[in-house]
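Read-outs: derived from the displayed coordinates by stated rules, not from any lab. Since the structure is predicted, the reported quantities are computational estimates derived from the model, not experimental observations. Methodologically, a virtual Cβ is constructed for each residue, glycine included, from the backbone with ideal geometry; neighbour enumeration extends over all protein chains shown.
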Amino acid sequence: MATGSFRHETGSRDPRSRAPQKSSPRSRGSWRPSAARADGESLGNHRPRIAITTSPRKGSEYYAPYRRAVEAAGAEPVEVSPGTASLPEQVDGLLLPGGWDVDPSLYGEKKDEKVGPIDRELDDTELLMFKQARERELPVLGICRGQQVINVAMGGSLVQHLEAHDIRGHGRSHLAHTIEVEPASELGQAAGEHKIRVNSFHHQAVKQLAPGLHQSATGEDGTVEGVETDDGLIVAVQCHPEELTTDLPWARKLFERFVARAREKE
């Protein structure tokens, strides 16, 4: 099923990261802790901080499920806006969420007519944040677009449009199909089983898998549904587990394992 094998090592490997094509910071870029904090948090009871890249064009409510999932797993979300010059020193991990399509020019292709909205400033910011997270050996969790950004950042490419994927008319928690999971992967450890049902809201996917990544999950149609690095610091899925944490233990555990790795970096 997967390309390569999983060996989660204690030492961190440094997969190749491609710097964004435009990296000049803009003054309006910023980061801020989420307004919601856990009850009873104090300087003596520090929760790891997780940077979440956001786009004002999506609006705050779009990112609410990501914030809730991070908080429920025991961490504090820190929102990072496009144009931010560097990954905040105070954060212990990076979450790359869903969102707009990635600019095809970043992986050497011309834009297909079916590619959706693009936010190049967000693309560049996320590529920069990912590069800096890897340099600092911080854990990274990619979700949907986040998986695609990670693959592009490390030298891979994307399928610009999947004809068979109709993402209209379903609720965010609708379990659309089954994926096969590599048991030894981080996703497999969270799932505890060989196959799981997932939701699906994407019309793009990984095409050429980047060097340094292994495929951790596969869809029934062969779509790459999960990727990871050997060291377990990069974990990404094509589905949206942030919408499933209330009902599905594997989705909660995926966030909990991510936050646990971030806590080790404090």
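Can you tally the net charge around Leu96? Count Lys and Arg as +1, Asp and Glu as -1, for every other residue whose Cβ sits under 10 Å from the Cβ of Leu96.
0
How high is the FRET efficiency between Glu137 and His46 when r is their beta carbon distance and R₀ equals 25 Å, given to the nearest 0.05? Display every interim value, and only then the final one.
On the way: r = 19 Å, r/R0 = 0.77.
That pair, Glu137 with His46, gives E of 0.85.
Tyr63: net charge of surrounding residues, Cβ under 11 Å, Lys/Arg +1, Asp/Glu -1, itself excluded?
0
Of all DSSP beta bridges located in segment 48-264, what percent are antiparallel, nearest 5?
Values: 16 of 32 bridges.
If we restrict to bridges inside segment 48-264, about 50 percent are antiparallel.
Let me check I've understood the local charge: for Gly222, count other residues with C-beta under 13 angstrom from its C-beta, Lys and Arg +1, Asp and Glu -1. What total comes out?
The answer is -3.
Once the Cα gyration tensor of segment 48-264 is found, what semi-axes does its equivalent ellipsoid get, as square roots of 5 times the eigenvalues, in whole Å, sorted largest first?
Taking √(5λ) for each Cα gyration eigenvalue gives 22, 21, 17 Å.
For Thr53, enumerate residues with amide H under 5 Å from its amide H, sequence gap 5+ or separate chain, H modeled in the peptide plane.
HN-HN under 5 Å from Thr53: Val80, Leu95.
Test of understanding: what is the full-extension gain from Arg120 to Glu220, defined as 0.36 nm times their sequence separation minus their Cα-Cα distance? Intermediate results must be reported in sequence, preceding the final value.
Details: separation 100, 0.36 × 100 = 36.00 nm, distance 3.17 nm.
My answer for the length gained is 32.8 nm.
Gly142's amide H: which non-local residues (gap 5+, or another chain) put their own amide H closer than 5 Å, with H modeled 1.01 Å from N in plane and none for Pro or chain starts?
Leu96, Val235, Ala236, Val237
Would you mind ranking Leu95, Leu162, Leu233 by Cβ crowding within 10 Å, fewest neighbours first?
Leu162, Leu233, Leu95
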